[in-house]
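Here is the structure we will look at.
The values are calculated or read from the model by the stated rules, or taken from the named source; none is laboratory data. Since this is a predicted model, take the numbers as computed values, not measurements. All accessible areas refer to the heavy atoms of the entire protein, side chains included, with ligands and DNA or RNA removed. Shrake-Rupley method; radii C 1.70, N 1.55, O 1.52, S 1.80 Å.
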Amino acid sequence: MSTLARARALLVLLGGSGVLHLLRPRVYQFLVPPELGPARPWVLGSGVAELGTAALLAAPATRRAGGWAAAALLTAFVPAHLHTFRVVRGRPGPTAIAVLRLPLQVPLVHAALRVARPR
């Protein structure tokens, strides 16, 4: 896959997710570990960060910075994905989704790094 294709895929993923975070914040609030305080500001802030990262990925002049931002953002989401296991414990469907979602971060971060450091 080319760097441009990776950047576009991340742009769509992060842009779409950012829009959903802003339009439907309650859907994501359970992902915020309670140790971080009120969930809504974190959800809205992460939505804005996702949209900003998508914007960086969209323009050739800022694409490398967008790759670094995407890698950082996707890595920063790992605690939320781990927290999901505490929330969904004992529920097979949500647990299965959490089990599939967490390892997906690895190829996403890898793709972001390939955008940040093209060959």
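Taking the 1.4 Å solvent-accessible surface of the chain as the whole, the part contributed by carbon and sulfur is 71%. Principal axis analysis of the Cα atoms in segment 17-95 yields extents of 47, 24, 20 Å, listed in decreasing size. Taking all protein chains into account, the per residue accessible area for the chain stands at 59 Å² (1.4 Å probe).
Per the Kirkwood formula applied to alpha carbons, segment 49-119 shows a radius of gyration over Rh ratio, Rg over Rh, of 1.11. Short-range pairs are left out: with C-alpha atoms under 8 Å and at least six residues apart, the relative contact order of the chain is 33 percent.
Would you compute, from DSSP H runs of 4+ residues alone, the mean residue ellipticity of the chain at 222 nm, taking -39500 (n - 2.57) per run and dividing by the full residue count, rounded to the nearest 500?
The helix-only estimate for the chain comes to -26500 deg cm²/dmol at 222 nm.
Relative to the longest principal axis of the Cα atoms of the chain, the long axis of helix 3-23 lies at roughly 40 degrees.
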